[in-house]
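Trainee: Before I ask anything, let me first share the structure, which is written out below as structure tokens.
The values are calculated or read from the model by the stated rules, or taken from the named source; none is laboratory data. Predicted, not measured: the structure shown is a model, and the values here were computed from it. For neighbour counting, all protein chains shown are included, and Cβ atoms are generated from backbone atoms with ideal geometry for every residue, glycine included. The protein model used for the area step is the full one, side chains on, heavy atoms only, and it has no ligands, DNA or RNA in it. Shrake-Rupley method; radii C 1.70, N 1.55, O 1.52, S 1.80 Å.
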Amino acid sequence: MKKAIQLLVFLIVQIPLIPVAIIGVVLVMYKEYAVAKRLGISPTTLGATPNKWLMHYFGTRPDEATVKFCKWLPMESHLGYFAASIAAIIANWLTGFTPSLVAVPEAGTETLATFQNPKTLEFDRIMKGYVDQVEQVVVMGAGFDLRVLEFTAGKNVKVFELDLENAQNLKLKTLKKAGIAHDWVTYISVNFDIESWVDKLTAAGF
């Protein structure tokens, strides 16, 4: 009964906001594909960033840094996401409505459509649980993931991120614009297809 009421409230809010949602989806698609193509960066570089944005606003996984980052990232639309999901967010505030896109299924029941959020939380658990037991952390193909900043800030650990030069440069510019501290991380640009990431990593102090 509770889920039926939550869904009803969502539909009541969503129907008049359908034009807003369509505009939001168009904005997001334009940024993630057209702008990304112009910048020479693959949309897959975003990784789970959209999911983390959504999880933050539905209270599944607080992530102020990702929200700040998305506001300044040229190939992402903070306003677009808000427009596309505002009805669901309002329904969540009113009734606790949680769409499957931001829900966390029980362990063992994940599907191809729902595995992203449990995976994100599992990576969080590993980072948080082991960061104090290691001397170095290496993130390969980091993309726009900011998890390492949250879990290594103020820790006595060396941190390395490796990624393609274009994506990494955009990430660094966006971090600076968003005012997100990241000076303890060593960023290494590498083309994994033609360069030795091992050589670059060791040359950087690993």
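Trainee: Which order do the peptides 68-79, 178-189 come out in when sorted by mean C-beta neighbours inside 10 angstrom, highest first?
Mentor: Values: 68-79: 20.2, 178-189: 14.8.
Put in order of decreasing packing, that is 68-79, 178-189.
Trainee: Here is a further query. So how long is each side of region 91-206 along the principal axes, counting just the alpha-carbon atoms, biggest first, in Å?
Mentor: 52, 33, 32
Trainee: With a cut-off of at most 15 other beta carbons within 10 Å, and DSSP calling the residue loop, which GluC sites (Glu not before Pro) in region 151-206 qualify? Please list them.
Mentor: Details: sites: GLU161, GLU165, GLU195; in loops: GLU195.
Hits after loop and neighbour filter: GLU195.
Trainee: Quick one: what are the phi-derived ³J(HN,Hα) couplings along region 188-197, Karplus 6.51/-1.76/1.60 with θ = phi - 60°, whole Hz, x for glycine and proline?
Mentor: 10, 7, 8, 9, 4, 6, 10, 10, 8, 5
Trainee: Let me ask something additional. Per the Kirkwood formula on distinct C-alpha pairs, the Rh of region 80-141 is how many angstrom?
Mentor: Numbers: mean 1/r = 0.0697 Å⁻¹.
Answer for region 80-141: a Kirkwood hydrodynamic radius of 14.3 Å.
Trainee: Next up: Suppose we keep just the DSSP beta bridges with both residues in the chain; what percent of those would be antiparallel, to 5?
Mentor: Numbers: 0 of 10 bridges.
Within the chain, antiparallel bridges account for around 0 percent of the total.
Trainee: Still on this structure, I have one more. Let me have the relative contact order for the chain, percent, based on Cα pairs under 8 Å that are six or more residues apart.
Mentor: Values: 234 pairs, mean separation 42.6, N = 206.
Averaging sequence separation for qualifying contacts and normalising by length gives 21 percent for the chain.
Trainee: Please work out the average accessible area per residue across region 1-123, using the 1.4 Å probe convention, and give it in Å².
Mentor: Values: 6860 Å² over 123 residues.
With the other protein chains kept in place, region 1-123 gives 56 Å² per residue.
Trainee: How would you order 53-64, 19-30 from highest to lowest mean count of nearby Cβ atoms within 10 Å? Before the final figure, lay out each step's value.
Mentor: Numbers: 53-64: 18.1, 19-30: 15.2.
In decreasing order of mean packing, 53-64, 19-30 become 53-64, 19-30.
Trainee: Amide H to amide H under 5 Å from VAL137: which residues, 5+ apart in sequence or cross-chain, H placed 1.01 Å off N in plane?
Mentor: Residues meeting the amide H criterion: LYS158, VAL159, PHE160.
Trainee: Now for a separate question. Taking 7 Å along the Cα-to-C-beta vector as the label spot, tell me the ALA107-LEU7 distance in nanometres, rounded to one decimal.
Mentor: 2.9 nm
Trainee: If you project the alpha carbons of the chain onto their three principal axes, what span does each projection cover, largest first, in Å?
Mentor: Extents along the principal axes: 58, 39, 31 Å.
Trainee: While we're here: Per-residue HN-Hα couplings for region 58-65, Karplus 6.51 cos²θ - 1.76 cosθ + 1.60 at θ = phi - 60°, whole Hz, x for Gly and Pro?
Mentor: Values per residue, Gly and Pro as x: 9, x, 6, 7, x, 7, 4, 4 Hz.
Trainee: Compute, for the chain, the length of the dipole vector about the Cα centre, with Cβ point charges of +1 (Lys, Arg) and -1 (Asp, Glu) only. Units Debye, rounded to 20. Walk me through the numbers before you get to the answer.
Mentor: Values: 20 positive and 19 negative charges, 134 e Å.
Dipole size: approximately 640 debye.
Trainee: Charges on Cβ only, +1 for Lys and Arg, -1 for Asp and Glu, centred on the Cα centroid of the chain; of SER100, ALA83, ALA65, which one is farthest towards the dipole's positive end?
Mentor: ALA83
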